[in-house]
Amino acid sequence: MNSSSMGEIKYPAGRIPPQNLDAERAVLAASIYSEESFDQVIGVVEPEDFYDRRHGLLYSVCLEMREQNIPLDLVSITEYLERKNQLEAAGGVELLSDLVAPGMLLENARHYAKLVHDKRVLRDIIASLYEVIDTAYGDSTVLNEVLDLAAKRLIEARNDGDNEGFRKLGEILAKQLNILEEQARREHEDSVKSGFPLLDKTLGGLKKGALIVLASRPGMGKSSFALNVAQLAAMVYNKRTAIFTLEMSREEIAKRFLASYLSIDSKRLSTGDLEPEEWEKMGNEFPTIYPTPIFIDDRSGITAPEMLAKCRQLQLEEGLDLVVIDYLQLMQGTRRNSDNRQQEISDISRHLKIMARELDCPVIALSQLSRACEARADKRPMLSDLRDSGAIEQDADVVLFLYRDAYYNEREELSEIEEAELIVAKNRHGETRNIALGWNAKYTRYFEQSKRIQAAAEPSAPPEKRAGDLPFDV
C-alpha cells in the first residue's frame, strides 16, 4: 500500500504532507557519487517513497542503469534520460547539477534513505485514515468492518505495507541483505523460542508467519503442551502471546498455568484444597506471574476473521509475538448453513495460514486426530490421521503430534512421570524427527527428557537462571 495507489489526498488547508526534500536529494547524490553508498540505500528506499516525483524518477533511472552496468555520473545519466525522453520530467540538467555529494552525505546515506522511507509511511497512514473516514460515512457500513479496516491499514503501515505484488529478485535480495545486516547488529531473531531446546533446534524456533499444527487424540495433553510453550515464551523470553481457548474457560487456563509454574497438584488447585506452604508459594510468586504478557480470549464459536481482527487490535495496543488456538475443530466457519464440514475446516485452515502471514508471527493451532490411528498396531499418529481435512496438512508449515504409549496401555501402572514423544511429522524448512518428552500429569507439564537426564547427571551443579532454562523443576 502507498498513497499513490489510493488516489490524490486532499490535505486540510495549510497542511503540508510529510516530506523531507533535503533527504531525498541526499539519497540521490549518494547513489550517483558512491557505489558503496548506493548499496546501502537499495532496499531501504523505493522510487515510490520520494515525495518529489522528479526525485523518484531519477532514483528509478539510477536503479535501471545499475542493473545494466552503466556507470553512474552526470554525463551518463543525462544521456540515458534524453534517450528515454525523460530528462525534463526528471528535473533537467539543472536539477542534476545541484546534486552534490560531500563526504558527510555518503557516510549517512542509509540514514537519509530511512528518513525518505519513513515520510512515505506517514503519508500512507494519512491516506489510510482518509479511506477509513470515507468508509465510515458509507450508508451500509457495519461497525466491525470499519474497525477491522482501521486496524488492518495501521498494521500494514507498521509492517511497511509489503503487499505490492511482483518484485525483482535483485531488489528482494538487496533488502534481505540489509535486514540480515540489521539483525546481526541487533541480534534480532526471526522466530520465537518454544522453551523446548530440541524442538527449537529442529524447527529453528517458531518461525514468524508460520502455521504450526499440534495434533493428538483427546486426552493426550496437547492443550497442556501448548500452554507450556506459551508460558515459557512469555515468561522466559518475554514474548507477547494471545491464547484463544474455545474449549476451556480462561479461569481453567489460569489454574493450569499456576499448577505448571508453581508445581502444585492441579486437582487440589482446582478445589482450593492447598497446604499452607502452597498458599505461601503462590503469594510469593504472584508479583512475578502478574506481568506475564499472556492474553486469553475464551469466547466460543469465534471465526478466523474475528480472531484476526482481535489480534490486530492487540498487536497495535500491546504488540504480538505468538498466537495459540485451542482448538481448530471448535472454530466457526465463515460459510453460513454449510453442510460440508470438511470444506469448512479447509476454509478455517486457509484463513489461519493467512492470519499467520498478516500478523507476521507464529500461529499454533491445536487439532484433533481421527480414530484411524487406534486401529493400527503402532498407534503413533501419521499425517493422514489429521481429522476432517487434508487441507490442514497442506496449509501447515509444521505438523507436530503428541504420543504417549501409556495412554493406550490400561494395564500399565501409571507413574508420576510418563514417557512421551513429540513427533515432528512435517517441517517445511527442515528435518522431521521424534523428540523424547516426559509428561507430569499432576502438574500438567511436558518437558524434554534430555533436560532431565542432564540434570540427573550433574546433581551437584548449582541452579542457574538462564534464557532457555525452564523456570521450574521437571
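Is it the case that some residue within the range 248-259 is touching a strand residue (DSSP E or B) at 6+ places or on another chain (Cβ under 6 Å), assigned to a helix (DSSP H, G or I) and among the β-branched types (Val, Ile, Thr)? Yes - at least one qualifying residue is present in the range 248-259.
Take the residues in the range 41-64 that are farther than 11 Å from Val27 by Cβ and among the small types (Gly, Ala, Ser), then tell me which one is least open to solvent (accessible area, probe 1.4 Å). It comes out as Gly43.
So in the range 426-441, with the set limited to residues that are open to solvent by 30 Å² or more (accessible area, probe 1.4 Å), in contact with a helix residue (DSSP H, G or I) (Cβ under 8 Å, 6 or more places away or on another chain) and assigned to a strand (DSSP E or B), which one is farthest from Val213 (Cα to Cα)? The selected residue is Ala436.
Considering the conditions (1) surrounded by 13 or more Cβ atoms within 10 Å (Cβ to Cβ); (2) at pLDDT 75 or above; (3) over 20 Å from the mean Cα position of the chain (by Cα), Glu145 is excluded by exactly one of them, (2).
Conditions (1) in a helix (DSSP H, G or I); (2) at positive phi; (3) at pLDDT 75 or above, marked per residue:
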{"position": "Val132", "(1), (2), (3)": "yes, no, yes"}
{"position": "Arg153", "(1), (2), (3)": "yes, no, no"}
{"position": "Phe166", "(1), (2), (3)": "no, no, no"}
{"position": "Ala184", "(1), (2), (3)": "yes, no, no"}
{"position": "Glu189", "(1), (2), (3)": "no, no, no"}
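Taking the criterion of being farther than 10 Å from Ile296 by Cβ and among the aromatic types (Phe, Trp, Tyr), the residues of the range 225-251 that qualify are Phe225, Tyr237. Of everything listed in (1) in a loop (DSSP other than H, G, I, E, B); (2) at negative phi, the single unmet condition for Asp39 is (1). With respect to His111, is the statement that it is open to solvent by less than 50 Å² (accessible area, probe 1.4 Å) and either under 32 Å from the mean Cα position of the chain (by Cα) or under 17 Å from Asp22 (Cβ atoms) (or both) true? Against the criterion (open to solvent by less than 50 Å² (accessible area, probe 1.4 Å) and either under 32 Å from the mean Cα position of the chain (by Cα) or under 17 Å from Asp22 (Cβ atoms) (or both)), His111 does not qualify. Please specify each residue of the range 87-101 satisfying the condition of being open to solvent by less than 50 Å² (accessible area, probe 1.4 Å) and part of a loop (DSSP other than H, G, I, E, B). Scanning the range 87-101 gives Leu87, Ala90, Gly91, Leu99, Ala101.
Counting only helices (runs of 4 or more DSSP H) that sit completely within the range 268-372, those holding 3 or more residues that are surrounded by fewer than 21 Cβ atoms within 10 Å (Cβ to Cβ), more than 24 Å from the chain's Cα centre (by Cα) and free of Cβ contacts under 8 Å to residues at least 60 places away in the same chain correspond to 276-289, 341-359.
The lone criterion from (1) in contact (Cβ under 8 Å) with a residue 12 or more places away in the chain; (2) more than 17 Å from Leu227 (Cα to Cα); (3) open to solvent by less than 60 Å² (accessible area, probe 1.4 Å) left unmet by Leu258 is number (2). With respect to the conditions (1) free of Cβ contacts under 8 Å to residues at least 24 places away in the same chain; (2) touching a Lys or Arg at 6+ places or on another chain (Cβ under 9 Å), Glu252 lacks only one, and its number is (2).
Set side by side, the residues Gln329, Gln315 differ, and just one is farther than 11 Å from Leu211 by Cα, out of contact with any Leu (no Cβ under 8 Å at 6 or more places or on another chain) and among the polar types (S, T, N, Q), which is Gln329. Within the range 408-416, not a single residue is open to solvent by less than 40 Å² (accessible area, probe 1.4 Å) and either at pLDDT below 90 or over 21 Å from Ile345 (Cβ atoms) (or both).
The listed residues are Ser223, Ser194, and the only one of them that is of a type in the set (S, T, N, Q), assigned to a loop (DSSP other than H, G, I, E, B) and either modelled with pLDDT of 90 or more or within 26 Å of Asp385 (Cβ to Cβ) (or both) turns out to be Ser194.
The values are calculated or read from the model by the stated rules, or taken from the named source; none is laboratory data. None of these values were measured; they are calculated from a predicted model. Neighbour counts run over all protein chains shown; Cβ positions are idealised from the backbone, glycine included. Quick note on the areas: whole protein, heavy atoms, side chains included, nothing else; ligands and nucleic acids left out. Shrake-Rupley method; radii C 1.70, N 1.55, O 1.52, S 1.80 Å.
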